[in-house]
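These notes are about the structure you will find just below.
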Protein chains: 2
Amino acid sequence: MTQINITLPDGSVRQYPQGTTSLEVAQSISEGLMRNVLSAKVNGEVWDATRPIHTDSSLQLLTWKDDAGKNTFWHSSAHLLAEALEALYPGTKFGIGPAIEQGFYYDIDTPEGVVISQDDFPKIEQKMTELAKQKNEYLRKDISKQEAIQYFEQKGDEYKLELLERLEDGSITFYEQGNFTDLCRGPHIPTTDKIKSVKLLNVAGAYWLGQTDRKQLTRIYGISFPQAKELKEFLELRAEAEKRDHRKIGKEMELFTFSEKVGKGLPLWLPKGAILRERLENFLKKAQVRAGYEQVMSPHIGSKELYITSGHYAKYGKDSFQPIRTPDEDEEYLLKPMNCPHHCEMYKAKPHSYKDLPVRFAEFGTVYRYEQSGELHGLTRVRGFTQDDAHIFCRPDQVKEEFGKVIDLVQYVFTALGFSEYTAQISLRDPENREKYIGKDEDWERAEREITEVTIEKGLNTVTELGEAAFYGPKLDFMVKDAIGRKWQLGTIQVDYNLPQRFELEYTGSDNQKHRPVMIHRAPFGSMERFVAILIESTAGKFPLWLAPEQIAVLPISEKYHEYAQKVFRELQEHDIKGFMDDRDEKIGRKIRDAEVRKVPYMLIVGEKEAEAGQVSLRKQGEGDLGSFTPEEFVQRFKDETDKVTAFSPTTPEGRV
Amino acid sequence: MTQINITLPDGSVRQYPQGTTSLEVAQSISEGLMRNVLSAKVNGEVWDATRPIHTDSSLQLLTWKDDAGKNTFWHSSAHLLAEALEALYPGTKFGIGPAIEQGFYYDIDTPEGVVISQDDFPKIEQKMTELAKQKNEYLRKDISKQEAIQYFEQKGDEYKLELLERLEDGSITFYEQGNFTDLCRGPHIPTTDKIKSVKLLNVAGAYWLGQTDRKQLTRIYGISFPQAKELKEFLELRAEAEKRDHRKIGKEMELFTFSEKVGKGLPLWLPKGAILRERLENFLKKAQVRAGYEQVMSPHIGSKELYITSGHYAKYGKDSFQPIRTPDEDEEYLLKPMNCPHHCEMYKAKPHSYKDLPVRFAEFGTVYRYEQSGELHGLTRVRGFTQDDAHIFCRPDQVKEEFGKVIDLVQYVFTALGFSEYTAQISLRDPENREKYIGKDEDWERAEREITEVTIEKGLNTVTELGEAAFYGPKLDFMVKDAIGRKWQLGTIQVDYNLPQRFELEYTGSDNQKHRPVMIHRAPFGSMERFVAILIESTAGKFPLWLAPEQIAVLPISEKYHEYAQKVFRELQEHDIKGFMDDRDEKIGRKIRDAEVRKVPYMLIVGEKEAEAGQVSLRKQGEGDLGSFTPEEFVQRFKDETDKVTAFSPTTPEGRV
């Protein structure tokens, strides 16, 4: 029998008979592994684990730990959902049923008179579990277009027939498990019994093929797991995430609002949200001044010419907010989608010498990018947002040092804001397709090498992805874990060889010749809007003291102590401590509870004893009574606690003439 | 002989024979007055002082002290210029020749082969002076359209003929002085000899009737005075103003720049300008927090709907930056020309009780307004600018108190920034046309009365103008005098009954009924751009210490002291003191001179003696040596000097639950 070579991810090569399946390869390694295999990447393509391999191949076995393995699992779960629906509601017609980021859905057209609601979920879930236990195999079958059409004509499913129209004969496959057959490209898991627990999550309307002029189908969302305890964890996390939804907390805490009349995706920052944002900005500004950045300000529009020069108009113009014309003159402006072209023009305001570099322009620049209204989501997907942007113009020999300094700053920001777990992705060129990238080969090689070196020197936990660099330069992206374990992309550092060339930026070198600087784009927060959303969800609105919009509540026990409470409150105000005095005619217990609900970190309670002693009874949110303090002592405690976070001191930059 | 009653501005009534001229009235009061009379306001209309009065009339004699008197004087000077040009360049054709804010111009079409340049000015000025001395009268003459046409046909002046086409027979007048006759509505001064000194200022091209498809004429600008010393003062002020031109200083000090590629009238704030602006904003923010304002943030666009609701679209839409469309959805947005509609929507984010009011939303909101590119001027006339805006939503019974508090704040700002001389204009309704105004009669009466009262209580120096109120409410505008005596309009407070109605704003009164709040718009600086321009021109770039972009310069005497200088510099940086260390290989004298040119308030010189003693030799811009200080002593001096300006403490607002 002919043998084939199977190369495993660790580089080892094993020989197997031609026609061996991935599952058999897994079994040859261990029975346990075989039980966990969901699908396999064969020569870079995801296959059924049960599909025979006929040629020498690279093989990666996929389990629940792999995103592609999860994807296969959920896709197979969608088929299981379809099987259950067909069993429970004969005559149901099926649209599409893919895996999504978290789970799967199936779009269906229910038989006349049948309406599926959340109330039907237990019944469907039960049926799915019952079918799963049957341990049915997912069977792949090549089928001719004619036979496929015949099958669905007989079944009377016009949706599948419409999908079939677009497929080419010879490339069509069916998958069958138990009593259900679907038009499907696969791959799937070996057997249904791997699906141990199932939960349907939601039901919604969805237009067939996303076209608003087509029929509205019923979309049923679900999720499934290979172990019951994973479902439990998922549901707990989901409930926790719902409680932390930044849209909900943002409204309750009066941080921001939206107005249909102002426009979709355009947040309005209410006083308490504006304070929070301003504190974050000031915090970063302060660190940036110490790190040698210079703050600049630029307008929110730019002439179309500017974006033709930058190349953005050609690339994004059609899909952006459309040009603004002037009434009298033949001019066109665009809402600024990024700050870099403006900063390039500022760099050009005067000639530069190699001794002046790096020039570091920072701006909290509000930019506008069109998103479809259906894609908008709270503060995480908006049409106008403020980047904590900066552009470093430096010599090629300064890239490594500057990159390292930006990493320091990003790490400082994450730590100060309580994000202690993060990883970074280094995105480099595709070595096979160097012609796709702008810039000199030697510059790329140097920058890629140096970025890799500096991430090691800084002790970052990184992954390197080839081919993920932007066409204009390599980059580093940070991924942080929030308080409930969710991952968010935050913070980016990008090298850019393109804009300096397009804007013809120059500096005079020590050789008295003109040279082109390198640009580094960077934003530790990314967008202030998105960052605040993440901060809300991570802290559940219980912001660290220095950021809390309401830092203190002064709570007089009764009206008799209002005057003293007022005096204490004013003294704190003098020290820029924000909050309120609760002078309602309510019991102190109620006032404390209400302040807790408002997520106020410190409560200062004043009654007879306190007024006489010139003190306050201090209570901390979630911790309870801390004893008596004079207002001055409290101010000191407050300052000690808040000052800690601004202890950033990189090498102070030298003053230059 | 019939007598007529002449009512003078002081209310006194005098009787004169019918046909008496204003000049004769002046003579009857004093010979001196008569000599000074240039023209006269008869029943509100400006007339020649030599024109006979036939009916009972109110009369205001106009002299050089009156704007209208100056206007007559300069208009007559334009005719004198024309006479001189005709004498020197026979065959010159004349367009229009009006008085302007400062002086006058005449647009002329010179004879074939004649080009007038600045070199010709002395000759023309001399001719004008010569003609002025002839003491020719300005003679007014009613003329039929036919005769007028005949005159200019004979003269061959097609420009006057074109102007004549538009005039109606029966309303046409000629004015004649010496050998020059002009088609002119007047009025003019009595005789040419009042023009004692003349200076031509500029020559430029100007399209006939401002139409770019018509012939380009030669525009000659000039100014004239009744006394030679006034011309001298004018020229000195002009030279001083040129030295202080904010565009020139802004470039020299690297405060801001413009880029054709970014767009006309869109300032780019360079690091030093951005620091200055940020300090001004922080200064006002701090005062505003103490005055009970809450900072908010809103986007730079709003849906067209928003401006249809506010009424701005109907009024200004056609002349504004045109709507921004989205690529996929049927939406239209506008660049925000003001912040009030956004703030109204924020007010509506939650219900309000009478106890919550006033709500005071403040925002440094950048707005965009289209201006013709020819009208743009540095930072004073731009297309994008940041208002130090705030909107107070209050009950009608709070208008007076709120208005008073805003006056306090404006006065504090002016004083802190060194503008000690200012006046305020109260703009009220036209009592004859009450129907032109929106809002209840009783609200207007109350607000007008209260504004007037409060300006008196605050000891403001005011003028009251009837009919100058906005249609939506009465207002108060401040006019400040700068260091060289020029006046600038700065700071405005406006009551608004319109927007609360259009946005259907409400609060629940103590009667548990819905009521409409009153809005007050206010901006002490007006626009940050314009204010910075005024500040530059008033200080000639020598900003007060707290605002100076470069506050200190550390100047080591030689390289030996660089290390110590660097240590001092870093210590100051720790205290947020901005500036630079001059480590160039230059003599100390040169370093001091250069720092003076850069307008650095404090120079810290370090040499052997200072390094040994741990001190610096302190020098103040314009004052010279101040002796030795330790860095700590200097920091203290610096803080004492800068803290003074932020000593604003209005009644601290009470905290509300």
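The values are calculated or read from the model by the stated rules, or taken from the named source; none is laboratory data. Note that the structure is a prediction, hence the values are computed from the model and not measured. Heads up, the Cβs are rebuilt from the backbone with ideal geometry, glycines too, and the neighbour counts pull from every protein chain shown. Side chains are part of the model used for accessible areas, which takes the heavy atoms of the whole protein and leaves out ligands, DNA and RNA. Shrake-Rupley method; radii C 1.70, N 1.55, O 1.52, S 1.80 Å.
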Filter segment A:112-152 down to residues that are touching a Leu at 6+ places or on another chain (Cβ under 7 Å) and either acidic (D, E) or at positive phi (or both), then give me how many there are. 1
Only one of these conditions is not met by A:C394: (1) within 22 Å of A:H300 (Cα to Cα); (2) more than 12 Å from chain B (Cβ to nearest Cβ). Which number is it? (1)
Going through segment B:204-228 one residue at a time, which ones are open to solvent by 40 Å² or more (accessible area, probe 1.4 Å), farther than 16 Å from B:N36 by Cα and not acidic (D, E)? B:G205, B:Y207, B:L209, B:G210, B:Q211, B:T212, B:R214, B:K215, B:Q216, B:R219, B:Y221
List every residue pair whose Cβ atoms sit under 8 Å apart, with the two residues 6 or more apart in sequence or on different chains, where the first one lies in segment A:417-436 and is under 30 Å from A:R277 (Cβ atoms) and the second, anywhere, is of a type in the set (K, R) and modelled with pLDDT of 90 or more. A:S427/A:K475
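Being assigned to a helix (DSSP H, G or I), at the interface with chain B (Cβ under 10 Å from one of its Cβ atoms) and under 42 Å from the mean Cα position of the chain (by Cα) is the requirement here; does A:D576 meet it?
Considered against the rule, which asks whether it is assigned to a helix (DSSP H, G or I), at the interface with chain B (Cβ under 10 Å from one of its Cβ atoms) and under 42 Å from the mean Cα position of the chain (by Cα), A:D576 comes out as no.
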Yes/no for A:R140 being in contact (Cβ under 8 Å) with a residue 40 or more places away in the chain, surrounded by 16 or more Cβ atoms within 10 Å (Cβ to Cβ), closer than 17 Å to A:T191 by Cα and not assigned by TED's automatic domain parsing to the domain that holds A:E158: no
A:H515 meets each of (1) in contact (Cβ under 8 Å) with a residue 40 or more places away in the chain; (2) within 12 Å of the chain's Cα centre (by Cα) with one exception, condition (2)
For residues in segment B:297-355 being open to solvent by 20 Å² or more (accessible area, probe 1.4 Å) and of a type in the set (K, R), which is nearest to the other protein chains (Cβ to nearest Cβ)? B:R325
Scan (1) open to solvent by less than 40 Å² (accessible area, probe 1.4 Å); (2) under 22 Å from B:D408 (Cβ atoms) for the single condition B:Y497 breaks and write down its number. (2)
Here is a check on your reading of the model: is B:S427 under 25 Å from the mean Cα position of the chain (by Cα) and surrounded by fewer than 14 Cβ atoms within 10 Å (Cβ to Cβ)? no
I'd like to check something: does segment B:440-451 contain any residue that is surrounded by 11 or more Cβ atoms within 10 Å (Cβ to Cβ) and assigned to a loop (DSSP other than H, G, I, E, B)? yes
If I ask for residues that are farther than 16 Å from A:V382 by Cα and open to solvent by 20 Å² or more (accessible area, probe 1.4 Å), which ones from segment A:249-269 would you list? A:K251, A:E252, A:M253, A:E254
Could you please tell me which pairs satisfy a Cβ distance under 7 Å, a separation of 6+ or placement on different chains, a first residue in segment B:186-214 that is in a loop (DSSP other than H, G, I, E, B), and a second residue that is among the acidic types (D, E) and open to solvent by less than 20 Å² (accessible area, probe 1.4 Å)? B:G186/B:D48; B:P187/B:D48; B:H188/B:D48
Go through segment B:298-409 and tell me which helices (runs of 4 or more DSSP H), entirely inside it, have 3 or more residues that are at pLDDT 95 or above and of a type outside the set (V, I, T). B:304-310, B:340-347
Selection from segment A:470-484 of residues that are part of a loop (DSSP other than H, G, I, E, B) and at pLDDT 90 or above: A:P474
Segment B:508-534 - residue that is closer than 21 Å to B:D441 by Cα and in a strand (DSSP E or B) and, of those, most open to solvent (accessible area, probe 1.4 Å): B:K514
Has segment A:367-374 got any residue that is within 14 Å of chain B (Cβ to nearest Cβ) and crowded, with 20+ Cβ neighbours inside 10 Å? yes
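Of the residues that make up segment B:624-631, is at least one free of Cβ contacts under 8 Å to residues at least 60 places away in the same chain, open to solvent by 20 Å² or more (accessible area, probe 1.4 Å) and part of a loop (DSSP other than H, G, I, E, B)?
yes
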Spans of helices (runs of 4 or more DSSP H) in segment A:66-183 with at least 1 residues closer than 27 Å to A:L235 by Cβ and among the polar types (S, T, N, Q): A:67-88, A:121-133
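Looking at this structure, is A:K199 surrounded by fewer than 17 Cβ atoms within 10 Å (Cβ to Cβ) and charged (D, E, K, R)?
no
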For segment B:215-238, which residues satisfy the criterion of being over 22 Å from the mean Cα position of the chain (by Cα), in a strand (DSSP E or B) and farther than 18 Å from B:K65 by Cβ? B:Q216, B:L217, B:T218, B:R219, B:I220
Complete set of residues in segment A:579-595 that are facing chain B (nearest Cβ under 10 Å) and in a helix (DSSP H, G or I): A:K591, A:D594, A:A595
Under 7 Å by Cβ, and 6 or more places apart or on different chains, what pairs join a residue from segment B:150-171 that is in contact (Cβ under 8 Å) with a residue 60 or more places away in the chain with one that is surrounded by 17 or more Cβ atoms within 10 Å (Cβ to Cβ) and part of a loop (DSSP other than H, G, I, E, B)? B:Y159/B:G95
Which members of segment A:385-396 meet the condition of being open to solvent by less than 10 Å² (accessible area, probe 1.4 Å) and not aromatic (F, W, Y)? A:T386, A:D388, A:A390, A:H391, A:I392, A:C394
Filter result (part of a loop (DSSP other than H, G, I, E, B) and closer than 23 Å to A:L38 by Cβ) within segment A:1-10: A:L8, A:P9, A:D10
Applying the selection to segment B:12-42, what residues are assigned to a loop (DSSP other than H, G, I, E, B) and either farther than 24 Å from B:K70 by Cα or over 39 Å from the mean Cα position of the chain (by Cα) (or both)? B:S12, B:Q18, B:G19
Among the residues in segment B:596-609, are any part of a helix (DSSP H, G or I) and either at the interface with another protein chain (Cβ under 10 Å from one of its Cβ atoms) or in contact (Cβ under 8 Å) with a residue 40 or more places away in the chain (or both)? yes
Restricting attention to segment A:93-110, report how many residues are among the acidic types (D, E) and touching a strand residue (DSSP E or B) at 6+ places or on another chain (Cβ under 6 Å). 2
So, in segment A:247-296, of the ones that are more than 30 Å from A:D408 (Cβ to Cβ) and in a helix (DSSP H, G or I), which residue ends up nearest to the other protein chains (Cβ to nearest Cβ)? A:P271
